[in-house]
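Rule-based calculations on the coordinates, nothing more; no lab input. The structure displayed is predicted, hence computed values, not measured ones. FYI the Cβ positions are ideal-geometry reconstructions off the backbone, even for glycines, and counts take in every protein chain you see.
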Amino acid sequence: MEYNFNEIEKKWQQYWRDNHTYRTTVDTSKPKYYVLDMFPYPSGAGLHVGHPLGYIASDIYARYKRLNGFNVLHPMGYDAYGLPAEQYAIQTGQHPEVTTFKNIERYREQLDKIGFCYDWDREVKTCDPAYYKWTQWAFLKMFGSYYDTGREQARPIEELIAHLEAHGTEGLHAACSEELTFTAGEWNALSKAERDARLMNYRIAYRGNTMVNWCPKLGTVLANDEVSEGLSIRGGYPVEQKLMSQWCLRVSAYAPRLLDDLDTLEWTESIKETQRNWIGRSEGAEMLFPIVGRDEQLLIFTTRADTIFGVTFMVLAPESDYVDLVTTDERRAAVDAYLDEVKHKTERERMIDKKVSGVFSGSNAINPVTGKEIPIYISDYVLAGYGTGAIMAVPAHDSRDYAFARHFDLPIIPLIEGADVSSESFDAKEGIMTNSSNERLQLNGLQVKEAIARTKEYIARAGIGRVKVNYRLRDAIFSRQRYWGEPFPIYYDEQGQPQALDESLLPLKLPEVDKFLPTETGEPPLGRAKNWTAPNGRPLELCTMPGFAGSSAYYLRYMDPHNDKALVDKDVNAYWRQVDLYVGGTEHATGHLIYSRFWNKFLYDYGFVCEPEPFKKLINQGMIQGRSNFVYRVKDSNTFVTSELKDNYEVTPIHVDVNIVKNDILDIDKFRAWRPEFADAEFILNDGKYTCGWAIEKMSKSMFNVVNPDDVVANYGADTLRLYEMFLGPIEASKPWDTNGIDGVHRFLKKLWNQFFEGDKLRLTDGQPSPEALKSLHKLIKKVTQDIEAFSYNTSVAAFMICLNELTAMKCRDKAIYEPLVVLLAPFAPHIAEELWHALGHAESVTGASWPVWNEEYLKESTINYTVSFNGKPRFNIAVPAATSRDEVQQLALAHEGAARWLDGKQPRKVIVVPGKLVNVVV
RNA sequence: GCCCGGAUGGUGGAAUCGGUAGACACGAGGGACUUAAAAUCCCUUGGCCAUUGCGGCUGUGUGGGUUCAAGUCCCACUCCGGGUACCA
């Protein structure tokens, strides 16, 4: 009987389906373990060979834990809302739901072929109303909450209202967008609409006027993590800064907890570090600078309070509220011109164009320590969103201030002994202070660190500032001017104030629209929906939620996916608690992995979940990269030049589908047929061939370099694919897809098969295994067990091969050896393991077996080989009985006939014996 | 610029505490079986020298250091990958 993997895999996949082999229920008699993959966005390209890398790794671990007696929760679902489906809908008119469901079906088919042990009864789709009901529910809870900075938790907004009614802002500890001060009397005198507006300053989900990343091409705003280098991650379109009224989540309120709790997580240091940087805690001081001739003062933030004596000018962000205040009439025209210029630059232009620019406001400020008057400038190198949007400029010790001072010819005062600031600033936070003393404050002679502390102390005492911790983490912008997302359960009242829809009306289902484009008046697509109103007739919110809304709590929903009373039942949550092992890519470090932690903490504050963190252990699988091919189009033509000759022309490289390229040679006919615009393409060939360029890039549809796992499964089987992807190298490593080694693992499975069967007959026997066979087996058990625990799957696969080679060499045919081996193999290659397990006479699935335990007795050596070295150079080996003592080993080594040659008549100065390994003789 | 991570044969990659490199696999070369091919099996395979001897030298990005012993630890540097960036 041949190893017919196609037949075997089909058979067992059907068996698992029919028997609900992987269905999981709460079972308090067993310890639980929750293994989760980051669920995929079902893209039109289908799964490529890179996706399963993490899925296979987690599947192995889930199966391993099951065999070890754990009740394992291992679900899968789809992050089904997203831009690509909507962009496709805009182009084709096809409803995004149709394409999304079609893609999901395709994904499911592909996933099933690889033989994962998911409990599909728990599948979730973020676009399913029964699912997004709970996304909307969580949003309403956030809308109805504020963050109590004293108790460090979310509280119902009603508590805040009660406080404001009784005390105003006096003694209030609440995270807010803007520090407000008012009395209870003032509050109570406000109209309802005014109070509603003011509450937005405190709500955790709030509507606020903020600078947002606006992407005109996509027609929507984007969160910071959806933008990279001034371009949108999806599509790569330019993004500009715009002041807009948008829904936001007060993630920033959780910054301290998000930072501190990182220490409790079993994540890699690098991803924790990425999050720490993103959260960006910086300790500094806020300081007030009086404005000459005015009552108002400028509030600035600095981490270098010690440099106060070197402040030679002030700078405001163009968007700062102070700008209007300090601009004098005679400077008005110049300032307006500058503001206008800045406004028309995109974020990307602002980054690339690092030319110094700015304008004098006409006003001066007073240095509160030196009393000197200094000019106030406006420049776009100061960011509105960080600190207070205003800085004190210390050109001697900040490179940006330095460049500005040089450009506008402003004074530069060095403050650190020996610092040479003639050609560049001295930015290091070290050295001894100078030029920094007067009757109020004396810093001369101090180290920078001491000077910072003393200055902070002084400004607090003098009432000109206070110590302040700033975070870089901004609130998440939560609305999208898009169709394909969760609708907000929000309507607008007569005063135009947003109001919560009653919880009983959830889910608020996404309405149908005639087109997926903005309305003629520029409203989001939901503006096209008929009767898009609350039961009271008031208009509903037209924006939808962003992609990360649905993915922030999906791991909780898997615990209790069919519950229509709660996101997750409390008892069920108390059993599954949190994800024990989460597997996914690092690209979510500053997006999903922050939002989920925030969302979970919010729910934790209310006791909806019992763990403060969602993901205990995180493994980041590397990306399997694709190998892309390029053709080179000659500028302004439809002519393509082969890569060898491309340097003679002005060319644009264009990605070409790797499936119409073989060994970098383009199939010209297929290329012409590939796309209509290439139908009459001309070619400049070399030697009659068109050679494509290539590059290792991310595997993605847009790069046309996708390799489909289905093809690999059809040719080699799922078990081979699984083993091979693990054998490629450590799961954390990124590597280009390459099928070169796949025959090796396939051969291993065939060899194993042939050990079992001779023709149709099982050739295994019931005999007593030899000590050698037992040793080989137990070595394998130990190695594989330890490797799986360490996620070192590639060496596990190697261990299987070694063991099989040993068993084959000793002609071992004992069932007692192969039976445990099959169990060990089951997590890696479940189909063949199932087949062999049944061949061994078992009626039940191998899933119900128990993981073998190794016995050290079998691993003991009777004799041990020592390598004897002289002065570190290995010279000969000696074999001694296992029980030989250190001293005896030393004597045996020196007594050996070879020793005399290397001792060369001298006495050894020192002899080092490493037990079980080697002897080193120092002569 | 800053913060992480990395560099080992022709290739992917092994190597717990520092313990005497290159596991395993691919590829390559040679052989067996076969009319032939495929499949399968066996041998060789870091480099250089010696191969009718058992061997010798060298070798983990570069240069230093610590140690009886360094891919592993320390210092300096080069290159590559990732993240992040006018964050005051």
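The lysines whose alpha-carbon is closer than 27 Å to the alpha-carbon of A:Lys343, local same-chain residues fewer than 8 away aside, are A:Lys217, A:Lys242, A:Lys354, A:Lys355.
Relative to one another, the C-alpha centroids of the stretch A:315-333 and the stretch A:28-98 are positioned 52 Å apart. Sort the stretch A:716-816 into rounded, prolate or oblate with this rule: let a ≥ b ≥ c be the square roots of the eigenvalues of the Cα gyration tensor; rounded if a/c is under 1.5, and if a/c is not under 1.5, prolate when a/b is larger than b/c, oblate otherwise. Oblate, since a/c reaches 1.5 and b/c is not below a/b.
Report, in debye and to the nearest 20, how large the dipole of chain A comes out about its Cα centre when Lys and Arg carry +1 and Asp and Glu carry -1 on their Cβ. Spell out each step's value before the answer.
On the way: 104 positive and 126 negative charges, 425 e Å.
For chain A, the charge dipole is close to 2040 debye.
Relative to the longest principal axis of the Cα atoms of chain A, the long axis of helix A:96-114 makes an angle of roughly 30 degrees. Projecting the alpha carbon convex hull of the stretch A:476-572 along each direction and taking the average yields 7.6 nm². Here the Karplus curve 6.51 cos²θ - 1.76 cosθ + 1.60, taken at θ = phi - 60°, turns the phi angles of the stretch A:468-473 into couplings of 9, 9, 10, 10, 7, 4 Hz, with x standing for Gly and Pro. The mean sequence separation of alpha-carbon pairs under 8 Å and at least six residues apart, normalised by the residue count of the stretch A:763-907, gives a relative contact order of 21 percent.
In whole percent, what relative contact order does chain A give with Cα contacts below 8 Å and a gap of six or more residues? Don't jump to the answer; show the numbers that get you there.
Numbers: 1681 pairs, mean separation 119.4, N = 923.
Contact order relative to length: 13 percent.
Take the Cα of A:Thr149, go 7 Å toward its beta carbon, and the backbone nitrogen atoms of the stretch A:300-327 under 19 Å from that spot belong to A:300-303. Distance between the pseudo-spin-label points of A:Asn563 and A:Ile161 (7 Å out from Cα toward the beta carbon): 2.8 nm. For a straight C-alpha distance cut-off of 20 angstrom, the aspartates and glutamates reachable from A:Lys515 (same-chain residues fewer than eight places away being disregarded) are A:Glu86, A:Glu97, A:Glu486, A:Glu523, A:Glu541. The distance separating the Cα centre of the stretch A:775-819 from that of the stretch A:502-540 comes to 61 Å.
When A:Cys176, A:Cys248 are sorted by how many other C-beta atoms sit within 10 angstrom of their C-beta, beginning with the fewest, the order is A:Cys176, A:Cys248. Over the residues of chain A, the helix contribution to mean residue ellipticity at 222 nm works out to -10000 deg cm²/dmol, using -39500 (n - 2.57) for each DSSP H run of at least 4. Seen against the Cα atoms of chain A and their longest principal axis, helix A:5-19 is set at about 70 degrees. Backbone phi angles across the stretch A:832-844, fed through the Karplus curve with coefficients 6.51, -1.76 and 1.60 (θ = phi - 60°), yield HN-Hα couplings of 5, 4, 4, 4, 5, 4, 5, 4, 7, x, 7, 8, 9 Hz in residue order; Gly and Pro are listed as x.
Stretch A:Glu682-A:Arg332 to full length: gain in nm at 0.36 nm per residue minus the Cα-Cα span? Kindly include the intermediate steps, with their values, before the conclusion.
Working: separation 350, 0.36 × 350 = 126.00 nm, distance 5.88 nm.
Here the segment from A:Glu682 to A:Arg332 would lengthen by 120.1 nm.
Note on the stretch A:597-750: Lys pairs 8 or more places apart or on different chains, Cα atoms under 26 Å apart, count 25. Charge tally for A:Ala184 (other residues, Cβ to Cβ under 11 Å; Lys, Arg +1; Asp, Glu -1): -3.
Name the shape class, rounded, prolate or oblate, that the alpha-carbon gyration tensor gives for the stretch A:197-329, where a ≥ b ≥ c are the square roots of its eigenvalues, rounded holds for a/c under 1.5, and otherwise prolate holds if a/b is larger than b/c and oblate otherwise.
Details: a/c = 1.81, a/b = 1.27, b/c = 1.42.
In terms of gyration-tensor shape, oblate.
What is the order of A:Leu140, A:Leu53, A:Leu517, fewest Cβ neighbours within 10 Å to most?
Values: A:Leu140 18, A:Leu53 22, A:Leu517 14.
Fewest-to-most Cβ neighbours within 10 Å comes out as A:Leu517, A:Leu140, A:Leu53.
How tilted is helix A:52-67 with respect to the longest principal axis of chain A? Cα atoms for both, answer in degrees (0 to 90, nearest 10). The angle comes out at about 60 degrees.
What shape does the stretch A:849-923 take by its C-alpha gyration tensor, where a ≥ b ≥ c are the square roots of the eigenvalues and a/c under 1.5 counts as rounded, a/b above b/c as prolate, and the rest as oblate?
On the way: a/c = 3.29, a/b = 2.87, b/c = 1.14.
Cα axes put the stretch A:849-923 in the prolate bin.
Here, the stretch A:62-200 has an Rg and a Dmax of 23.9, 68 Å when only alpha carbons are counted. With neighbour counts taken as other beta-carbon atoms within 10 Å, the residues A:Tyr649, A:Tyr33 rank, fewest first, as A:Tyr649, A:Tyr33. Taking amide H as placed 1.01 Å from N in the peptide plane, the amide H of A:Gly622 sits under 5 Å from that of A:Glu732, A:Ala733, each at least 5 places away or on another chain.
With an 8 Å cut-off on Cα pairs and a minimum separation of 6 or more residues, tell me the relative contact order of the stretch A:619-747 in percent. Display every interim value, and only then the final one.
Numbers: 203 pairs, mean separation 46.0, N = 129.
Value for the stretch A:619-747: 36 percent.
Model label points for A:Ala673 and A:Glu587, set 7 angstrom from Cα along the Cα-to-Cβ axis, are 3.1 nm apart.
Annotation for the stretch A:863-923: trypsin sites (Lys or Arg not before Pro) lying in DSSP loop with at most 15 further Cβ atoms inside 10 Å of their Cβ are A:Lys906, A:Arg909, A:Lys917.
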